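See below for the structure under consideration.
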Amino acid sequence: MTSIVEFLHALGHYNFLQSALMAAIMVGIMSGIIGSFIILRGMSLMGDAISHSVLPGVAVAYMLGVNLMIGATTFGVIAALLIGFVASNSKLKNDTAIGIVFSAFFALGFILISMAESSTNLHHILFGNVLAVSDSDLLSTFVVLAIVIVFVFALFKELQITSFDEVFAKSYGLNTSIIHYGLMIILTLVTVSALQTVGIILIVAMLITPAATAFLWTNRLVYMLFVSSGVGAVASIVGLYLSYTMNWASGPAIVLVAAIIFLISFVIAPKQGILAKLGVKNVKKA
Amino acid sequence: MLQINDLTVAYSNVPVFTDLSVNFSPGKITGIIGPNGAGKSTLIKGTLGLVRRSGNATLNGTAINRVRQKIAYVEQRAALDLTFPISVFEVVLTGTYGKLGLFKSPGRKEKELATDALKQVNLSEFKNRQIGELSGGQLQRVFVARAIVQQADVVILDEPFVGIDMKSEEEIMNVLRGWRDAGKTIIVVHHDLNKVAAYFDELLIMNHGVIDHGPVATVYTQENMARAFSADLSAVLFNKRAGA
């Protein structure tokens with residue numbers, strides 16, 4: 001097994017590894033931030049749906065030779081609108097509408113990608129290949145991270161109140177639909193940025209697992225955003241190290257590290273971990 | 001004055017009420033009572049435009065949509081996620097968001113308002129608690145404190161006394177009476193009929209429409225209650241033998 005020292009040595013010598021590390025850290029941070037709002041709004045399934053629904057957008061953009069972000073965002077927003085339309089114009093519940101729309105989009109994307117590209121590239125889109133990050137990928141990832149930070153900083157109180165108490169937000173006149181669809185657009189941008197690090201299949205894990213971990217550690221939204229993005233970044237660094245040294249696919253390696261951090265938190269988190277709950281039970285017995 | 005004109009609300013094409021018109025006067029606490037499913041909460045949501053409706057609602061002649069910051073709404077607590085990472089103080093501070101508008105964060109003035117509001121409902125010592133750590137009564141007082149910082153002309157509360165302790169109920173009533181004395185319009189959806197005479201100045205009695213509306217002494221009668229609840233409640237509410 002390659003040691004950490006050797007990994008650091010390689011990091012100093014290989015540009016591709018430096019780019020991969022920077023991209024993975026940025027994706028870890030942005031998915032941690034946006035993921036916090038996704039889980040607090042009870043939209044984990046929606047995050048999964050949007051991430052899968054961008055696939056046909058990626059394919060169409062590739063075929064037309066336009067920026068992947070444009071194609072992916074377009075299809076991500078269409079999927080979010082369609083899900084809302086089906087749920088509000090039928091007896092079907094939201095999760096059913098999500099299941100129908102995202103599976104249809106994913107199937108369409110799969111066929112389009114297969115027609116447009118070789119199976120190797122499809123594999124990379126589905127599972128990520130962070131070691132092939134280009135300079136332009138790095139730049140676009142940085143731009144998306146900046147957009148995410150500005151979006152959350154500028155609209156923090158609107159995101160907070162629509163996540164906590166949407167009816168109250170509506171009652172004072174906030175247009176909650178704009179906040180919702182704004183978040184969906186940001187989510188699609190994050191998804192596309194994460195294509196290369198963890199891939200479409202596993203991006204939902206990066207959205208949910210670090211945020212869920214942070215949720216166990218804190219009772220304040222601001223701290224949750226920091227802890228979540230920190231967990232995302234650490235999982236990305238350690239996952240990339242494992243990917244490089246063990247020759248594992250980058251996406252699964254990063255996601256597994258995030259899951260292990262969650263598992264540890266699930267046991268030892270001071271307020272909501274298993275140990276804390278056992279402590280409460282013992283106090284009650286005494 | 002809060003005026004509701006020809007309001008119609010339907011769920012799945014089944015009307016809850018049609019062409020309902022009613023006025024709420026300032027300087028009064030008005031209770032809305034009626035059986036379950038009578039449309040009490042729906043009237044509130046229709047007035048605020050939170051559900052699809054026809055008709056209109058105005059405050060002093062201006063459409064509600066244009067004066068939303070003048071109305072505070074304390075909704076039923078059941079729908080909220082009490083594990084949300086937010087403190088008592090932060091919840092109260094959200095009451096300032098409407099007037100702040102987009103992109104502005106609460107400053108010193110807003111934080112002072114929230115601190116004062118928590119003092120008014122005797123919850124200052126709980127300000128840093130996560131909201132899930134409070135009792136039902138304390139939680140309801142937090143939402144009343146949020147309504148205080150909204151500094152609204154009209155305050156609407158939907159079943160504020162459900163599942164709360166007597167101390168909290170009394171403290172909330174004290175706040176409502178203070179608002180009433182300051183000339184605000186207070187509307188309370190209520191289910192405990194035994195406290196109607198003690199709590200309210202006026203009553204709106206509903207059952208898929210208005211049964212009666214006016215001062216408690218005038219409209220809180222055996223006949224009206226029998227019409228609203230389709231039952232003779234005289235023994236329970238008016239201390240008389242049924243049918244006497």
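Quick check on the protein assembly as shown: take the gyration tensor over C-alpha atoms, sort the square-rooted eigenvalues as a ≥ b ≥ c, and tell me if it's rounded (a/c under 1.5), prolate or oblate.
Since a/c reaches 1.5 and a/b is larger than b/c, the shape of the protein assembly as shown is classed as prolate.
Below 8 Å, C-alpha to C-alpha, sequence gap of six or more: please give me the relative contact order for the stretch B:79-213 in percent. Don't jump to the answer; show the numbers that get you there.
Details: 148 pairs, mean separation 31.1, N = 135.
Relative CO of the stretch B:79-213 lands at 23 percent.
Quote the FRET efficiency, to the nearest 0.05, computed for B:Ser230 versus B:Arg177 with a Förster distance R0 of 30 Å and r equal to the Cβ-Cβ distance.
Values: r = 33 Å, r/R0 = 1.09.
After rounding, the FRET efficiency stands at 0.40.
For the pair A:Asn89 and B:Ala79, how long in nm is the line joining their label points, each one 7 Å along Cα→Cβ?
Modelled inter-label distance: 2.4 nm.
Can you pull the accessible area of A:Ile149 for me, 1.4 Å probe, Å² to the nearest 10?
80 Å²
Over 20 Å between Cα atoms: which of B:Lys28/B:Lys70; A:Lys93/B:Lys45; B:Lys70/B:Lys109; A:Lys170/B:Lys104; B:Lys28/B:Lys119; B:Lys109/B:Lys167 fall into that group? Intermediate results must be reported in sequence, preceding the final value.
On the way: B:Lys28/B:Lys70 16 Å; A:Lys93/B:Lys45 22 Å; B:Lys70/B:Lys109 18 Å; A:Lys170/B:Lys104 18 Å; B:Lys28/B:Lys119 24 Å; B:Lys109/B:Lys167 30 Å.
In this structure, A:Lys93/B:Lys45; B:Lys28/B:Lys119; B:Lys109/B:Lys167 exceed 20 Å between Cα atoms.
Could you work out how much longer the chain between B:Leu102 and B:Val14 gets when fully extended? Use 0.36 nm per residue separation minus the Cα distance between them, nm to one decimal.
Extending this stretch completely gives an extra 28.0 nm.
Please report, in debye to the nearest 20, how large the charge dipole of the protein assembly as shown is about its Cα centre when each Lys and Arg carries +1 at its beta carbon and each Asp and Glu carries -1 there.
880 debye
Rounded to the nearest 0.05, what FRET efficiency do B:Ala63 and A:Val150 give with R0 = 30 Å and r taken as the Cβ-Cβ distance? Could you check?
Step by step, r from the Cβ atoms, then E = 0.30.
Give the angle, between 0 and 90 degrees and rounded to the nearest 10, that separates the Cα long axis of helix B:108-120 from the longest principal axis of the Cα atoms of chain B.
50 degrees
Nearest 100 Å², what total accessible surface is buried between chain B and chain A (probe 1.4 Å)? Working shown, then result.
Details: alone 11960 and 13900 Å², together 23370 Å².
The B and A chains share an interface burying roughly 2500 Å².
Only helical DSSP H runs with n ≥ 4 go in: add -39500 (n - 2.57) per run for chain B, normalise by residue count and round the 222 nm mean residue ellipticity to 500 deg cm²/dmol. Numbers along the way, then the final one.
Details: 10 runs with 83 residues, N = 244.
Value at 222 nm, helices only: -9500 deg cm²/dmol.
Put +1 on the Cβ of each Lys and Arg and -1 on the Cβ of each Asp and Glu in the protein assembly as shown; which of A:Ala211, A:Met115, A:Leu174 then has its Cα farthest toward the positive end of the dipole?
Looking along the dipole axis, the top candidate is A:Leu174.
Once you charge only the Cβ atoms, +1 for Lys and Arg and -1 for Asp and Glu, what is the size of the charge dipole of the stretch B:143-225 about its Cα centre, to the nearest 20 debye?
Numbers: 6 positive and 13 negative charges, 43 e Å.
That gives a dipole near 200 debye.
Within a Cβ distance under 10 Å of B:Gln69, other residues only, what is the Lys/Arg minus Asp/Glu net charge?
Numbers: positive: B:Arg66, B:Arg68, B:Lys70, B:Lys99; negative: B:Asp153.
Neighbourhood net charge equals +3.
Mind checking the per residue accessible area of the protein assembly as shown for me, 1.4 Å probe, whole number of Å²?
44 Å²
Between A:His180 and B:Lys111, with labels modelled 7 Å along Cα→Cβ, what's the label distance in nm to one decimal, could you check?
3.4 nm
How long is the gain from B:Gln151 to B:Asn36 if the chain were fully straight, where each residue apart is worth 0.36 nm and the alpha carbon distance is subtracted?
Full extension from B:Gln151 to B:Asn36 adds 38.3 nm.
Please list, or write none, the lysines whose alpha carbon is within less than 23 Å of the alpha carbon of A:Lys277, excluding same-chain residues fewer than 8 places away.
Excluding near neighbours in sequence, the set is A:Lys285.
For an R0 of 30 angstrom, estimate the FRET efficiency from the Cβ-Cβ distance between B:Thr221 and B:Met166 and round to the nearest 0.05. Could the numbers behind the result be given before it?
Details: r = 28 Å, r/R0 = 0.92.
Between B:Thr221 and B:Met166 the formula returns 0.60.
The values are calculated or read from the model by the stated rules, or taken from the named source; none is laboratory data. What you see is a predicted model, and the numbers here were worked out from it, not measured in a lab. So basically every Cβ, Gly included, is an ideal-geometry build from the backbone, and we count neighbours across all protein chains shown. Side chains included, ligands, DNA and RNA excluded: accessible areas come from the protein's heavy atoms. Shrake-Rupley method; radii C 1.70, N 1.55, O 1.52, S 1.80 Å.
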